[in-house]
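The values are calculated or read from the model by the stated rules, or taken from the named source; none is laboratory data. Owing to the predicted nature of the structure, the values given are computational and were not obtained by experimental measurement. When we count neighbours, we look across all protein chains shown, and the Cβ atoms used for this are built from the backbone with ideal geometry, even at glycine.
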Amino acid sequence: MRGLFSETVTRPTVAAMRIATWNVNSVNARLPTVLAWLEQAAPDVACFQEIKCVDEKFPREAFESLGYNVETHGQKSYNGVALLSKYPLSDIRRGLPGDETDEQARYLEAVVEAPRPIRVASIYLPNGNPIGTEKFDYKLAWFERLNRHARDLLAFEEPLALCGDYNVIPEPEDAKNPAAWTDDALFQPQSRQAFRALKNLGLADAHEVGGEPAGTYSFWDYQAGAWQRDHGIRIDFALLSPQAADRLRGIETHRDARDMDKPSDHVPVVVDIDLSAGTEA
């Protein structure tokens with residue numbers, strides 16, 4: 001793994017970069033919806049989670065026709081992450097380091113080779129339910145591995161965006177009805193503490209930096225009329241290094257995507273990062 005600016009080179013400026021993260025909940029099942037949103041929102045980079053297909057079954061031609069370079073880390077029927085970029089992608093990492101036996105496809109990282117590059121990761125953190133099982137233990141162990149890797153990445157002191165579905169409700173205000181999540185892995189003290197520890201490395205939640213209001217949710221279950229009653233939670237995040245957070249120019253959670261035809265139960269979270277300020281030597 002190399003740093004973004006490991007070579008001595010003067011780079012030209014580039015306008016603000018739009019980066020989106022979205023748990024699409026099966027890319028093939030919702031392809032027309034995903035494509036329609038991409039054409040409308042026009043992000044420069046899109047991080048997808050739960051693509052639910054192996055690499056060979058990912059509909060890359062449909063996204064390449066919109067001008068995206070495509071990288072995937074897929075898995076049959078479950079999990080799976082993807083990165084789409086209008087710029088070339090390099091230094092690609094498939095899988096989170098720290099456990100060579102882990103076969104779940106939950107992490108994909110690359111350098112977006114814009115005139116001023118930025119490292120971006122698409123993350124699908126384990127759900128962890130039910131509590132008291134190996135699934136919850138796996139969630140916490142995965143969080144710890146992510147913490148160690150993020151620490152290594154932050155040492156580069158470069159623009160970095162760790163985007164995805166973190167499967168954690170950080171604070172009571174991040175749920176319409178916090179009491180309904182008391183016994184869920186997403187709202188356990190251990191899960192919330194692990195998320196805080198990750199942020200405490202020096203990562204900023206774009207939601208907080210960008211001043212989005214409380215009650216901005218990114219997930220509504222398909223069951224029990226959660227969408228109709230606005231019983232949502234905020235579990236999709238863009239965590240930014242100081243070098244990216246200082247250049248954050250806006251964040252928008254695309255709530256309307258939950259009302260599209262055949263929607264995912266998540267909606268996209270989109271950040272705009274101004275990478276035009278100055279040049280890198």
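A quick yes/no check of all residues on (1) at pLDDT 95 or above; (2) over 18 Å from Lys199 (Cβ atoms); (3) in contact with a helix residue (DSSP H, G or I) (Cβ under 8 Å, 6 or more places away or on another chain):
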site: Tyr78; (1), (2), (3): yes, yes, no
site: Ser85; (1), (2), (3): yes, yes, no
site: Val112; (1), (2), (3): yes, yes, no
site: Pro115; (1), (2), (3): no, yes, no
site: Gly132; (1), (2), (3): yes, yes, no
site: Lys135; (1), (2), (3): yes, yes, yes
site: Ala141; (1), (2), (3): yes, yes, no
Discussion item. So for region 114-136 (the condition being without any contact (Cβ under 8 Å) to a residue 12 or more places away in the chain, out of contact with any strand residue (DSSP E or B) (no Cβ under 6 Å at 6 or more places or on another chain) and of a type outside the set (Val, Ile, Thr)), does at least one residue qualify?
Written reply: yes
Of Arg234, Arg249, the only residue that is exposed (fewer than 15 other Cβ atoms within 10 Å of the Cβ), closer than 18 Å to Ala20 by Cα and not β-branched (Val, Ile, Thr) is Arg249
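If I filter region 158-168 for residues that are surrounded by fewer than 17 Cβ atoms within 10 Å (Cβ to Cβ), at pLDDT 95 or above, among the charged types (D, E, K, R) and out of contact with any Asp or Glu (no Cβ under 8 Å at 6 or more places or on another chain), do I get at least one hit? Before the answer, list the steps.
Here is the first cut: in region 158-168, the residues surrounded by fewer than 17 Cβ atoms within 10 Å (Cβ to Cβ) are none.
The answer is no; no qualifying residue exists.
Listed here are the residues, each with its yes/no results for (1) among the acidic types (Asp, Glu); (2) farther than 24 Å from Ser264 by Cβ; (3) in contact with a Leu (Cβ under 6 Å, 6 or more places away or on another chain).
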{"position": "Arg30", "(1), (2), (3)": "no, no, no"}
{"position": "Trp37", "(1), (2), (3)": "no, no, no"}
{"position": "Glu56", "(1), (2), (3)": "yes, no, no"}
{"position": "Val81", "(1), (2), (3)": "no, no, yes"}
{"position": "Arg116", "(1), (2), (3)": "no, yes, yes"}
{"position": "Leu125", "(1), (2), (3)": "no, no, no"}
{"position": "Ala141", "(1), (2), (3)": "no, yes, no"}
